[in-house]
Each structure stands twice: as structure tokens, then as C-alpha cells.
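Beneath this line is the structure, given in C-alpha cells, with notes to follow.
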Amino acid sequence: MIWILQRLLLLILPILGVAYIFYKIYGSLWYFLFIPVFTFLPFVLFYFYRNKRSVSLEVFLGHYLFYLNYIVFGALILLSIALIFKMFSIDILKEVSYRKTSFHIFMIFSLGILSILGYKNFKNISVENYETPKEIIRNEKKLKFAFISDVHLNGKFDGSKLKTAFEKMKNEDVELVLIGGDFLDNSYKSVTDDIKSVIDETNFKHGIYLVLGNHEYYGGIEGNIEYIKNLGINILRDEIVEIEGITIVGRDDRYNKKRKSLDELLKNVDKKSSVIVVDHNPQSLKELGNEKVDLYLSGHTHKGQLFPFNLVVDYMYENSGGYRKIGETHTYVSSGLGTWMIPYRIGSSSQIMIFK
């Protein structure tokens, strides 16, 4: 409940700004009541019906939140322009109120272009190849692996996109797949596709390994773990596996307050081995110090998913998406394969990272 209230409070000022814009254009005080109710009611519905996992409600909310974001953002831009022109005694909002038809056409056209672009970015999967920095290679063995994160499987985001992603990995001759958490959107019970058959069709030489994300915990951790294991996916919960002379450290999610520290996990690691850490939330990059970590792989941020939130996550995280070297560690943060609820991306793309 606190999580919901915090986010609702963050919306109050922007929504009041939107209400003011509509009042000035349409001349009715009802917008000061209507706009906040119109904005908050879907969130209230989602909170009370979240455990019933209504796919139709999630589909509605996904599209609704996308359009709400850009209606609010557009209104705030218009308000900013109006305030600037006000200094020159020009009432832009009054001019807009005289040209409502043109205003409506412009809004519909703009939202239409954004939705087409956003859905295309969501559906298309970008494959990005990275050459491993030479200084971290410590043996002559070769390994080509893929990293994906934030698949968010549920009744709406089905297995077709995951299947397409695996096919792209096969075409790239990937030998190992690492998944950086939030494989499930909530409970495994809401997944309607036969994901087991999708996994069974893969034949990666070294299999698939996964770390948990916060959404696996939201949906009931024990049931979700059992479901993922039954798919044939290996789960690393503060565990280490060695593949082709490379040490892979899988951290449990920060949601687990009892998870091990990075120091604890690395104290017994072979100093001569290349070390890859997979951790869902890049907030943990703050823990990097003198520990021997060559590659640090994370997800969680979706790279903001929708503009202007990519600017917000850039401020929140040391690495919010893509590559950044922190100290002696090469960090990569995936923008994710799927998304939470909203089937659109503006300023980000669905992504597969491939490393040699």
C-alpha cells in the first residue's frame, strides 16, 4: 500500500497541471475533480484486483498508462510554453481554446505516431554483440554467451517473443544463456503459454542460467522457483558455477534481505579465473570496490522504457543501460526483453546482449 501511495503522491502536481490546462482550454472547473479521478482510479483498481491477475485489466492498464504518460507530459510542455509567453502578455491557452478542433487533431496525430513507434520498439528485438575486453581474458578457452533480462512473462506477454529471442541466439551460435531476473512478471500461475516447450526446443551447449528479480518475489518466491526449475532453467541464488574456465556468480535479488554480500561470494573465487557477476538490480554496482569482478551484468531499469523516464533512471543509477566501466569492472545493463505491463518503448529497445 505504501508503494502505491508514494507513486500516487508523485503524480499529484503534474496531474493538477493537466487539470489547469484543460480548465483553461475548455472552461470548466469540473476538470480539477475529473482529471485526478480519471488518473488515479485505474491504479486503485489494479491494487485491489492485482491478486486476481485479470489479463483484460492488465491489457487495459498497459495501454492506458502509455497514453496517460504522454498526455501529462504534453500538457506540462504546453503549460511551460504558456508561462513563457505569459511574460510577453500572450495567452497561448486562450489561443488554443479558440482552435479546439486543430488541438484535438494534433493530439490524436501525435499520440498515434508515438504509439506506432513505441509498439515497434517493443516488438523488435535488438541484438547487440560485444567483444570481451582483452585484459579480462585469462585462458585460451572460448565461450559465446547471451545475456537477457526482464522478460516479464504473464498472460499478456506470452512465449512467442521469448521463442524469437532464443532463435536469434541460435543464429548467433550462442553456447550459454544468462537471464538477469524478472523472468516472470508476477506469479507463474498467470503464464498461459507452454514455456516448457519453448525451453525444450533450445539446445545451448551449456544451458540456461537465471538469477531472481524482484518480480519473482512479488508473485510468491517458492512457487515461482519450482516453476522455473521445472522448465529446465538453472537458478543461481548466491551461487557460483564454472563454465569453460570462467567463474559465473549469480546473486539473489536485493529483495532478499538475507542475501550474501559481494565480498562473501567472491572470497573463495579463483584469482586466475575471469569472473562474471549476474545481479538483477544495478543499484548493487555501488558495492563494487576492490573486489575482483571482470564483467557485471544487470537489468531491472528497462532503460526507463518510456521517455522522459530514461532521464530519471540515468540520474538514479551509476549505469542505467548499456556499457560503463566502473573502476576495473566492465558493467553492462540490459534494457530488457519484455516490459512491465506497458507494451511500448520510447527511448529504449527490447534487447539481447551477446558476448564473445
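Points worth noting:
- Taking the alpha carbon gyration tensor of the chain, multiplying each eigenvalue by 5 and rooting it gives semi-axes of 42, 22, 19 Å, largest first.
- Helix 31-49 axis versus longest C-alpha principal axis of the chain: approximately 30°, rounded to the nearest ten.
- Whole-percent carbon and sulfur share, accessible surface of the chain, 1.4 Å: 59 percent
- Mean sequence separation of contacting Cα pairs (under 8 Å, at least six apart), scaled by the length of the chain, corresponds to a relative contact order of 19 percent.
- Pairs from the table (Lys170/Lys272; Lys196/Lys257; Lys163/Lys303; Lys134/Lys205; Lys141/Lys260; Lys170/Lys356) lying more than 20 angstrom apart at Cα are Lys170/Lys272; Lys196/Lys257; Lys163/Lys303; Lys134/Lys205; Lys141/Lys260.
- Rounded to 10°, Cα long-axis angle of helix 100-123 versus longest principal axis of the chain: 10 degrees
- Computed [θ] at 222 nm, helices only, for the chain once each DSSP H run of length n ≥ 4 contributes -39500 (n - 2.57): -14000 deg cm²/dmol
- Coarse-grained scattering of the stretch 194-309 at q = 0.15, 0.22 Å⁻¹, given as base-10 log I(q)/I(0) from a Debye sum over alpha-carbon atoms: -0.76, -1.32
- By average C-beta atoms within 10 angstrom, highest first, the peptides 94-103, 268-277, 327-336: 327-336, 268-277, 94-103
- Scoring 83-89, 185-191 by mean Cβ neighbours within 10 Å over their residues and listing the highest first yields 185-191, 83-89.
- Averaged per residue, the stretch 94-237 has 51 square angstrom of accessible surface, using a 1.4 angstrom probe with ligands and nucleic acids left out.
- Virtual spin-label span in nm between Leu13 and Ile240, 7 Å along Cα→Cβ: 4.7 nm
- For a straight C-alpha distance cut-off of 20 angstrom, the lysines reachable from Lys258 (same-chain residues fewer than eight places away being disregarded) are Lys267, Lys286.
The values are calculated or read from the model by the stated rules, or taken from the named source; none is laboratory data. All figures in this text were calculated on a predicted structure; none of them were measured in a lab. No Cβ is skipped: glycine too gets one built from the backbone with ideal geometry, and neighbour counts run over all protein chains shown. All accessible areas refer to the heavy atoms of the entire protein, side chains included, with ligands and DNA or RNA removed. Shrake-Rupley method; radii C 1.70, N 1.55, O 1.52, S 1.80 Å.
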